[in-house]
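Below is one structure; the comments refer to it alone.
The values are calculated or read from the model by the stated rules, or taken from the named source; none is laboratory data. Note that the structure is predicted; figures quoted are calculated from it, not measured. As a convention, Cβ positions derive from the backbone with ideal geometry for all residues, glycine included, and neighbour counts pool all protein chains shown. Accessible surface areas use protein heavy atoms only, side chains included; no ligands, DNA or RNA. Shrake-Rupley method; radii C 1.70, N 1.55, O 1.52, S 1.80 Å.
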Amino acid sequence: MADNINRNIVEPPPRKESVADRRKSVVGKPLELDDVLVNELGQFGFFQLRNILLVALPIIASAFMSEYIFSAAAIPHRCQIPECGETGKDFNYDPHWVLNAVPATSSGFSSCERFTPTGLENGSLLSCPATLFDRPNTVACDGFVYARDNSVVYDFDLGCQEWLRALAGTLSSVGTLLVLPITGYISDKYGRRMALIISVFNLALFGLIRAFSVNYTMYLVLQLMQTTFGAGTFSSAYIFAAELVGPKYRVITSATSSSMFAVGQVVLGGVAWVVQPWRYMIMALHIPCFLIIVYYWILSESVRWLLSKRKYVEARAVLENVARVNKTYISEKSMEALMNPPEVTHKVESNIVQTIFKSRVLLRRVCTTPIWWITTTFVYYGLSINSTSLSDTMYLNFILTCAIEIPGYATAVLILDRIGRKATLSGGFFLSAACNIAFAFIPSELNVVRLVIYLLGKFGISVVMTSLYLFTSELYPTEYRHTLLAFSSMIGRIGSISAPLTPALMEYWNGIPSVMFGAMGLLSGLLVLTQPETLGTKMPDTLAEAEALGKPESKLQNN
């Protein structure tokens, strides 16, 4: 790398060097920021560490948008029995006479039906005999009694409206799709720092307002608004974690950022466990987020953004600060080369749609990689959401399901460069699929076994989550990489939008979500095997190089 830099930067002649001369000195192959990080500033110094520690907080906060898992959690309910003195929803959920009035089921008693009253006499809260009802005829509930009150299901009386309840999670995922162009515009126009501050502020503001929802419609609208205007928090924070890290440390930095998101979910589960009234829980999560606004004066703006916008004075100040904090240096030649990039000649890009259909290899990949992304988001979010129904200890189950992601991310980092991308990705899919299918048929009495298998399934999909971005990127040529990676990610949102609806399927059979997760995992694991291994290959720059992946000529030559 040092040899390349020496060739790229010509030693100045004795006369005073002009800006034009400096431009010519780097016109062959412009000096890149990565070159400076590797050879001068340091790939990972105290400045990079400080940035990662700072942005850990907004990354943790970005996980709080999943609090609908608790605030809109399903809670046990049954029909209200007015004939026996129940005139509201705050009565004993399972009185001794409940089976006289409500049909028995395998899980206890019915949630949405009751026996038809005879209308001839009435009972009381102490005595409600079976003779008051025309058994076995049943009718739908007119009102509900709830086992708990720490959910919008209780406050807004959503008993037996499971699909409506699940809509909160779906709208949250829709918002993560809508946020992409908004955050992208702000980030490109006003800077990464501004995008982060605005996203965190919106996350905190709409989250806080939602705590005062007066009806379920208001709750849903605010849920959609929070993610639409605040879900850019993670991506904005991730930029600060990864932008000044050298190439050698990018995979581990990415895994660390993902781990911080998992920590945020653990914090969410802990707060929901301690502060169970859902309105107070939302306030406890979101009020501290306003403190992150001070980052506007603490974080330095993205150097890459400053250079792209030709804000060279600010970029120079940041680079000098990096060198000072890291106790390294940046040479004046390197600084001048970065400040005076050569003029870019814009080439006419070929039509990407035509190129895809002309290349059978590229077409197969474009049809394959989005399925991986759909499966990954569907299983990942589905397992987190469904974990609350594993047993009565819903908070602990959720915390364990999120915490298991951290060793999953670490495992991916350790094995990606050892056993390869295909083995890592397909192995993660197959492990998750096997565990999910097995979980569907394990008897409910075996609580510990069910929990261990469930956690292994989440571990598998966490390995996939870390590997997916890298493998997808390595399959596409440079000219189309960003576009096709974004396309795969965008289509993958179908999975995260569908995942919150899976708990509603448990009404028909408890194992339906798990079998769906398993089937999708098997399909994607098999599809991974249809693609070439990219470990030890050159990142393809052209379509021809992308099509040659898996062939001897694509391998990197060891000198």
Task: Top-ranked residue in segment 540-559 [being out of contact with any Pro (no Cβ under 7 Å at 6 or more places or on another chain) and crowded, with 16+ Cβ neighbours inside 10 Å; ranked as modelled with the lowest pLDDT] - done: Ser554
- [ ] Tell me, yes or no, whether segment 76-98 has at least one residue that is over 25 Å from Asn150 (Cβ atoms) and aromatic (Phe, Trp, Tyr).
- [x] yes
Open item on the list: I need the helices (runs of 4 or more DSSP H) fully contained in segment 404-480, keeping only those with at least 3 residues that are buried (at least 24 other Cβ atoms within 10 Å of the Cβ), of a type outside the set (Gly, Ala, Ser) and within 18 Å of the chain's Cα centre (by Cα).
Closed with: 447-475
Open item on the list: Among the residues of segment 381-397, what is the count of those that are part of a helix (DSSP H, G or I) and more than 18 Å from Ala504 (Cα to Cα)?
Closed with: 3
Task: Per-region count, segment 498-526, residues under 23 Å from Arg360 (Cβ atoms) and open to solvent by 40 Å² or more (accessible area, probe 1.4 Å) - done: 2
Open item on the list: Within segment 318-336, take every residue that is out of contact with any Ser or Thr (no Cβ under 7 Å at 6 or more places or on another chain) and among the hydrophobic types (A, V, I, L, M, F, W, C) and give me the one that is modelled with the lowest pLDDT.
Closed with: Met335
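So which residues in segment 78-103 are in a loop (DSSP other than H, G, I, E, B) and open to solvent by 40 Å² or more (accessible area, probe 1.4 Å), if there are any at all?
Within segment 78-103, the subset in a loop (DSSP other than H, G, I, E, B) is 80-81, 85-97, 102-103.
Across segment 78-103, the qualifying residues are Thr87, Lys89, Asp90, Phe91, Asn92, Tyr93, Asp94, His96.
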Task: Count of segment 104-156 residues which are open to solvent by 20 Å² or more (accessible area, probe 1.4 Å) and part of a loop (DSSP other than H, G, I, E, B) - done: 21
- [ ] Among the numbered conditions (1) modelled with pLDDT under 90; (2) part of a helix (DSSP H, G or I); (3) surrounded by fewer than 19 Cβ atoms within 10 Å (Cβ to Cβ), tell me where Phe201 comes up short.
- [x] (1)
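Determine whether segment 481-492 contains at least one residue that is open to solvent by 60 Å² or more (accessible area, probe 1.4 Å), more than 26 Å from Ala231 (Cα to Cα), touching a residue at least 60 places away in the same chain (Cβ under 8 Å) and not small (Gly, Ala, Ser). Step through it out loud before you land on a result.
In the first step, residues of segment 481-492 are kept if they are open to solvent by 60 Å² or more (accessible area, probe 1.4 Å); the result is 482-483, 487, 490.
Among the residues that remain, those that are also more than 26 Å from Ala231 (Cα to Cα) are: none.
No: segment 481-492 contains no residue that is open to solvent by 60 Å² or more (accessible area, probe 1.4 Å), more than 26 Å from Ala231 (Cα to Cα), touching a residue at least 60 places away in the same chain (Cβ under 8 Å) and not small (Gly, Ala, Ser).
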Open item on the list: Taking the condition of being buried (at least 16 other Cβ atoms within 10 Å of the Cβ) and of a type in the set (A, V, I, L, M), how many residues in segment 287-310 meet it?
Closed with: 5
Open item on the list: Exactly one of these conditions fails for Leu222: (1) under 17 Å from the mean Cα position of the chain (by Cα); (2) open to solvent by less than 60 Å² (accessible area, probe 1.4 Å). Give me its number.
Closed with: (1)
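From Val271, Val344, Val266, Val313, which residue is at pLDDT 85 or above and surrounded by fewer than 19 Cβ atoms within 10 Å (Cβ to Cβ)? Can you show your working first?
Numbers: Val271 fails: surrounded by fewer than 19 Cβ atoms within 10 Å (Cβ to Cβ); Val344 fails: at pLDDT 85 or above; Val266 fails: surrounded by fewer than 19 Cβ atoms within 10 Å (Cβ to Cβ).
Just one listed residue meets the conditions, Val313.
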